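The values are calculated or read from the model by the stated rules, or taken from the named source; none is laboratory data. The structure displayed is predicted, hence computed values, not measured ones. Heads up, the Cβs are rebuilt from the backbone with ideal geometry, glycines too, and the neighbour counts pull from every protein chain shown. All accessible areas refer to the heavy atoms of the entire protein, side chains included, with ligands and DNA or RNA removed. Shrake-Rupley method; radii C 1.70, N 1.55, O 1.52, S 1.80 Å.
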Amino acid sequence: MLKKIIFQLHWFFGISAGLVLAVMGVTGALYSFEGEILRLLNADRWQVRVSEEGRLEPAELVAKVEAATGDKVSGIWLDGRHEGPGRVFLTPPAGERRGPMHNFDPYTGELFAEPLGEEFFRVVMQLHRWLAMGDIGKQITAASTLALIFFCLSGLYLRWPRQAGNWRAWLTLDWAKSGRSFNWDLHAVIGTWVLLFYLCAALTGLYWSYGWYRDGLTRLLSDSPAEQRDGGGRRGERAAPAATPPEVDYVALWQGVRQAVGADMAAWNLRLPPVAGQPATVSYVLRDAEHARAFNQLRIDPQSGVVSHHERYADKSFRAQLLASVYALHSGEYFGLPGRILMLLASAAMPLFFITGWLLYLDRRRKQRAVRLARGALAGSTSAEGWLVGFASQSGYAEQLAWQSAGQLQAAGIPVRVEPLSRLDGDSLRQVSNALFVVSTFGDGEAPDSAQGFERRVLGSCLPLERLNYALLALGDRQYRHFCGFARRVDDWLGRQGAHSLCERVEVDAEDNAALQRWQQRLGELTGTVPLAFSEAPWRDWALLHRQCLNPGSQGGPVFHITLAPPPLTTWEAGDILEIRPRHPQERVEEWLLHHGLDGTVPVMLDGLPASLVEALCQRQLPDTFGHLVGLHAQALVDTLVPLGAREYSIASVAADGALELIVRQERRSDGSLGLGSGWLTAYLAEGGQVAGRLRRNSGFHLPDDDRPLILIGNGTGLAGLRSLLRARVLAGRRNNWLLFGERSRAHDFFCGMELEAALAGGDLQHLDLAFSRDQAAKVYVQDLLRQRSGRLREWLDEGAALYVCGSLGGMAAGVDETLQELLGAEAVRALVEDGRYRRDVY
Ligand SMILES: Cc1cc2nc3c(=O)[nH]c(=O)nc-3n(C[C@H](O)[C@H](O)[C@H](O)COP(=O)(O)O)c2cc1C
């Protein structure tokens, strides 16, 4: 809560005061090098004639200036640290604060022409101090300076990385990033670089902004608290119109100065009193001064040269030296030229925070608007009374079919409500008269993760459901022992509760199209409409841009990083799946045809388009036995042979990356041939070639839409799904991520290792725990890491973390599940699953 409030204040002040600070930063940066810039601009106007005799004494100088101007001198500034001009100030006209100022040659006393750029710097200074807007501007810059202190402290708090001891997490920029996360890096990482400079500039800048601050600081730091510092903002007191000007004996005055100081002055400033009877002031810096503005001060009688007061910088306590160095600290001069340059860079960078802050703010608003719109659309589609369409889905297929079935009901004018089973209970079922259920099976005949709570809570109870009419679509795969196990249990239970089945359960074995058509037929009969074909996402061509082996030299099968170019207007969410239609390599089909004495060049029709027999058979299952096919002509052969099944791969990138990336292990069958899908992607498909693919929404593995911590666990190619989740989190500026990854050996199997280590160093990953099973005598797996980090695991879960597991079901996911049960208890694990905080994409 506190963090949220601080965040809101940070951006609220940021988007308002940020502009003022940007102006103050740029003008401050310019102003800090005013002298150098003016000297450069006026190099030909200010030609100082350096002579061996040295610079003129004040008496000679004043005589020349007064003769040339016909006016009285009231002050002189001479800096011997460079061969530039000096400055002389003439007596102000009655009622004015400052008199005219001239630049002069310190060796000849010659007055220089009006310099270029002086007016510009006057405006720069006015903008810096009060936005050139008088008192109102001064209030604004003062408040913005206070805001700058708040930005520094709140920014530090908001970006505090989990690995606070790791300097990389604080200070390194990841140039590979783009978009929002790069903006965030610029804002937070560069903000950290400049933090101390800004604090220093703001804490000293307030000295000129507020009297109370100046007084407080003086009281705190001064060696003589009761005394107001001389000169602090009180320069150039106005002379009363009728006051007598002071008589000055420059020879005596300068002798007095020399006696008190010696010849070691590097720069000095003489200020005469406005009226007779008051002392003159000489501020000077010694050659070996601690910094360029370590001023000492003399008060001296302008006629006799008698020194009445001498305040030496070196005699002050450290606190009082700091107080005397407020300007030097503000401009960085306190730390010499490097300090000035760093302060200049930091100040000039001020607009960066305003711009990146705004970009982050706009991005956030855009996302919030999109979420509101999406919620609105969802509310519209689910609020209607009528049929209930309940689904239980692990990887999104059942969910997709549930929505398509709902679409068919809606097309018939029937109001529909689509709900996951996890959101249904006995009451909601009792209130419904008509329902469709679309249910898949996972694990070993179990309910999908999200429906486990439903099975426990609802299927374990007795409910009077006599008025419920329902139809059930069961998704499964006959390769598993308990085909459609969960769907059958749901169906049996509904029957036992007295619910009335509207039609026989339809069981779909691995996307069996005939079964799906049967389901559509049933829906048509139930609604009295012509069955609608479910609109499947179309297959499109994806070009292979790049393929790289990620584990050369590994003991395991080679793993490839595959980069595909998405067709135009394609987008997906982190966690989604790409289905591909694999093909046989042409040589294999030619061999098969040759073996069976067939001519591959014979023309046939394939999906309504002309093709050669060999081309068509690249997309068909090629049986080992041929007896039943003998005598078939080419087209009949194509029509008889079953199309190759699709293969699914977790996507390893996000749409914003501009490319769809996969991490695929090359499978090898016992006869040595390559697996169909992996062989096509990792070996046979040439770079630049095309693969037919379509996206599959995998909502069960989508990210939570809040910024809860995320624990990502996976092994091998399971890194793919986790990588896309991680990339999406980073893009959303959510950096509380912890990855546990396992493979065989670090030397060969640390897929995307550099990228992950950079994420750790940059703070996008708070922890990266690696289990390389073969790198030591005793095998170590991700579940072992989890056990070793059980304290952190509990801590993260207590903070609301969600767990995402991706990779092999048998070896890894089962082990992780067992370890979680052991560490947290079965009840807690069940609660995590039911709350959607433990999600799996395993195979
Ligand atoms: C890890 C895993 C375990 C599975 N276990 C079974 C099973 O025991 N019985 C079954 O009939 N189908 C099983 N299947 C197949 C799925 O039910 C089938 O692929 C279904 O279409 C997935 O639908 P969904 O995407 O909505 O989860 C399993 C699939 C996977 C990936």
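Working from the alpha-carbon coordinates of the chain, get Rg over Rh, Rh being the Kirkwood radius.
On the way: Rg = 39.9 Å, Rh = 33.8 Å.
Taking Rh as the inverse mean 1/r over Cα pairs, Rg/Rh reads 1.18.
Residue separation times 0.36 nm, minus the C-alpha to C-alpha distance between residue 511 and residue 138: what's the value? List each step's numbers first, then the result.
Details: separation 373, 0.36 × 373 = 134.28 nm, distance 7.19 nm.
127.1 nm is the gain from fully extending residue 511 to residue 138.
Which Cα, out of 499, 442, 519, lies furthest along the positive dipole direction of segment 377-527 (beta carbon charges, K/R +1, D/E -1)?
499
Please report Rg over Rh for segment 540-696, where both radii come from the alpha carbon positions and Rh follows the Kirkwood definition. Intermediate results must be reported in sequence, preceding the final value.
Numbers: Rg = 17.1 Å, Rh = 16.9 Å.
Using only Cα positions, Rg/Rh for segment 540-696 is 1.01.
Kindly sort 584, 596, 748 by accessible area of their heavy atoms, largest first, with the probe set to 1.4 Å.
Values: 584 15, 596 40, 748 70 Å².
Solvent-accessible surface, decreasing: 748, 596, 584.
Which order do you get for 309, 595 if you rank them by accessible area with a 1.4 Å probe, largest at the top?
These residues rank, largest area first, as 595, 309.
Quick one: dipole size for the chain, taken about the Cα centre, charges +1 on Lys/Arg Cβ and -1 on Asp/Glu Cβ, in debye to the nearest 20.
Values: 87 positive and 94 negative charges, 325 e Å.
The calculation lands at about 1560 debye.
With both partners inside the chain, how many of the DSSP beta bridges are antiparallel, as a percent to the nearest 5?
On the way: 62 of 107 bridges.
That works out to approximately 60 percent antiparallel.
Please enumerate, by chain and number, the aspartates and glutamates with C-alpha under 15 Å from the C-alpha of residue 3, excluding those fewer than 8 residues away in the same chain.
In chain and number order, the partners are 706, 707, 799.
Say R0 is 22 Å: what FRET efficiency, to the nearest 0.05, do residue 788 and residue 746 get from their beta-carbon distance? Don't skip to the answer; put the middle values down first.
Details: r = 17 Å, r/R0 = 0.77.
Here the calculated transfer efficiency is 0.80.
Gain in length, residue 492 to residue 686, computed as 0.36 nm per residue apart minus the alpha-carbon separation, to one decimal in nm? Display every interim value, and only then the final one.
Values: separation 194, 0.36 × 194 = 69.84 nm, distance 5.04 nm.
Result for the pair: 64.8 nm of gain on full extension.
Round to a whole angstrom and tell me the spacing of the C-alpha centers of segment 109-140 and segment 771-818.
64 Å
Just to verify a number: what accessible area does residue 433 come out at with the full protein assembly present, 1.4 Å probe, Å² rounded to tens?
Surface accessible to solvent at residue 433 totals approximately 40 Å².
Let me cross-check residue 265: its accessible surface, 1.4 Å probe, with only protein heavy atoms counted, in Å² to the nearest 10?
Counting only protein heavy atoms, residue 265 exposes about 20 Å² to solvent.
Please identify every one of the GluC sites (Glu not before Pro) in segment 437-532 that sits in a loop by DSSP and has no more than 12 other beta carbons within 10 Å of its own beta carbon. Walk me through the numbers before you get to the answer.
Working: sites: 446, 455, 466, 504, 507, 511, 525; in loops: 466, 504, 511.
Answer in residue order: 466, 504.
Only helices at least 20 Å long along their axis, Cα-based, and averaging -0.5 or more on Kyte-Doolittle count here, so list those DSSP H runs from the chain.
Details: long enough: 2-31 (39 Å, 1.37); 134-159 (36 Å, 0.97); 191-209 (25 Å, 1.30); 350-382 (48 Å, 0.03); 397-411 (21 Å, -0.41); 513-527 (21 Å, -0.90).
Long hydrophobic helices here: 2-31, 134-159, 191-209, 350-382, 397-411.
In terms of the Cα gyration tensor, with a ≥ b ≥ c the square roots of its eigenvalues, is segment 700-842 rounded because a/c is under 1.5, prolate because a/b exceeds b/c, or oblate? Let's see the in-between values first.
Values: a/c = 1.58, a/b = 1.09, b/c = 1.45.
Oblate is the answer for segment 700-842, as a/c is 1.5 or above yet b/c matches or exceeds a/b.
Hey, what's the chain come to in accessible area per residue, 1.4 Å probe, Å²?
Numbers: 40270 Å² over 843 residues.
Computed with neighbouring chains in place, this is 48 Å² per residue.
Could you tell me how far the Cα centroid of segment 395-442 sits from the Cα centroid of segment 706-725, in Å?
Segment 706-725 and segment 395-442 have Cα centres spaced 29 Å from each other.
Going by accessible area, probe 1.4 Å, with all protein chains left in place, what is the ranking of 290, 755, largest first?
Values: 290 125, 755 70 Å².
Ranked from most to least accessible, the order is 290, 755.
Between segment 1-70 and segment 71-88, what's the alpha-carbon centroid distance in Å?
Each part's Cα centre sits 16 Å from the other's.
What does the convex hull of the Cα atoms come to per residue for segment 377-527, in Å³? Don't skip to the end; give the middle numbers.
Values: hull volume 15.5 nm³, N = 151.
Hull volume over Cα atoms, normalised by residue count, gives 103 Å³.
Given Cα pairs under 8 Å that are at least 6 residues apart, what percent is the relative contact order of segment 600-674? Walk me through the numbers on the way to the answer.
Working: 64 pairs, mean separation 15.0, N = 75.
Here the relative contact order equals 20 percent.
Dipole of the chain (Lys/Arg Cβ +1, Asp/Glu Cβ -1, origin at the Cα centre): which of 544, 563, 291 lies farthest to the positive side?
291
Could you tell me the accessible area of residue 674 in Å² (1.4 Å probe, neighbours in place), rounded to the nearest ten?
20 Å²
Which far-off residues, 5 or more places away or on another chain, put their amide H under 5 Å from the one on residue 665, with H placed in the peptide plane?
Distant-sequence amide H within range of residue 665: 560.
Set the Förster radius R0 to 60 Å, insert the Cβ-Cβ distance between residue 223 and residue 68 as r into 1/(1 + (r/R0)^6), and round the FRET efficiency to 0.05. Mind dumping the intermediate values first?
Values: r = 43 Å, r/R0 = 0.71.
Given R0 = 60 Å and the Cβ-Cβ separation, E is 0.90.
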